[in-house]
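Below: one structure, written as structure tokens.
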Amino acid sequence: MLRWPVWNKNKLVLNCFVISCLESLWRTEKCFCNSTTSLRQHLLISESGTQEEENPKCQKEKCPLSTHANGLLVPSCLKRHDKPYCAGSKVHEKQFLGITFLGIGLWAWNEKGVLSNISSITDLGGFDPVWLFLVVGGVMFILGFAGCIGALRENTFLLKFFSVFLGIIFFLELTAGVLAFVFKDWIKDQLYFFINNNIRAYRDDIDLQNLIDFTQEYWQCCGAFGADDWNLNIYFNCTDSNASRERCGVPFSCCTKDPAEDVINTQCGYDARQKPEVDQQIVIYTKGCVPQFEKWLQDNLTIVAGIFIGIALLQIFGICLAQNLVSDIEAVRASW
């Protein structure tokens, strides 16, 4: 018979025990035995709900009380399931974050009318930041779903999919890092092309506009390699045919900040590039965002490297846990 352990403080272990009991009632004509410390005792429950005799494989040991990691006495048959069930709650967080990111992305597209006109996705010449939320949210949801359901239901297919998918992401990150180190000049050219392409579409999308403004304010830069890159935008170029009031100017995010000003002057960049270069340095940032990004990367190389190494270790740890759980499940099934 399954015995309720006596403890009052550890709710986490209690939840794992309840889930284990529900699982034993849900499965029919099967008996799972512990492959680590002792064989797990289960009763066979028929479809009618009547209690049948125990499987002989599970009669070898009776699932005695043993000491848990926190010092409490719990049935030893819960030891193996403490890992998948309780660790699965962490994967639930990935699912929740993934759904949140997807919801934000879809809401942003709905506000911009993209969902009512799907063909408008390709109309934007620059980068739509909503894609970040959709891609990151989708990846997190897929990983969270596969890891959580695979652990809770002991589904080896989902667990293998989780580890393989995580391994592919790790391999892509590693490849991107190596290529970025080897082909520095090519990466710089691609970054220059990417920024200039988004400069052209600055007024076409409010999210892209906010992203560019944030980037220029944070790194105190203007354009890809200088303020003259804004000639690529139809509203800011200095051609005689440009009738815009922003002609030969730059966005307000290029302007140097005056600590005494509490309200942002959105017209501070008007006619800024018509002034001599010496006067421009007083009014706007003259350095490009690509050189400023390189300087920021060099100054914070240790922090950036630590973050990437930490993410890589977490991914390797997740792959190892998934593969270890698959091995445990297959070992238990082999003993049936």
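Okay, here's what the table says:
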{"read-out": "So Gly249, is it part of a loop (DSSP other than H, G, I, E, B), touching a strand residue (DSSP E or B) at 6+ places or on another chain (Cβ under 7 Å) and closer than 22 Å to Ala201 by Cβ", "value": "no"}
{"read-out": "Pairs with Cβ under 9 Å, 6+ apart, first in segment 173-191 and closer than 11 Å to Val290 by Cα, second of a type in the set (D, E, K, R) and surrounded by 12 or more Cβ atoms within 10 Å (Cβ to Cβ)", "value": "Lys188/Glu294"}
{"read-out": "Helices (runs of 4 or more DSSP H) lying entirely in segment 252-336 (those with 2 or more residues that are touching a helix residue (DSSP H, G or I) at 6+ places or on another chain (Cβ under 6 Å), of a type in the set (Val, Ile, Thr) and in contact (Cβ under 8 Å) with a residue 24 or more places away in the chain)", "value": "301-334"}
{"read-out": "Helices (runs of 4 or more DSSP H) contained in segment 147-221 and holding at least 1 residues closer than 30 Å to Ile319 by Cβ and among the small types (Gly, Ala, Ser)", "value": "156-182"}
{"read-out": "Odd one out for Trp336, checked against (1) farther than 30 Å from Phe193 by Cα; (2) loosely packed, with under 13 Cβ neighbours inside 10 Å; (3) modelled with pLDDT of 90 or more", "value": "(3)"}
{"read-out": "Pairs where the first residue, in segment 213-225, is touching a residue at least 40 places away in the same chain (Cβ under 8 Å) and the second is in a loop (DSSP other than H, G, I, E, B) and aliphatic (A, V, I, L, M), C-beta under 8 Å, 6+ apart", "value": "Cys222/Val250; Gly223/Val250"}
{"read-out": "One residue from Leu174, Leu159 being loosely packed, with under 15 Cβ neighbours inside 10 Å and not basic (Lys, Arg)", "value": "Leu174"}
{"read-out": "Ile206 vs. criteria loosely packed, with under 14 Cβ neighbours inside 10 Å, of a type in the set (A, V, I, L, M) and under 30 Å from Phe145 (Cα atoms)", "value": "no"}
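The values are calculated or read from the model by the stated rules, or taken from the named source; none is laboratory data. In this text the structure is predicted, and so the values were computed from the model without any measurement. Don't worry about glycine lacking a Cβ; one is built from the backbone with ideal geometry, like all the others, and counts go over all protein chains shown.
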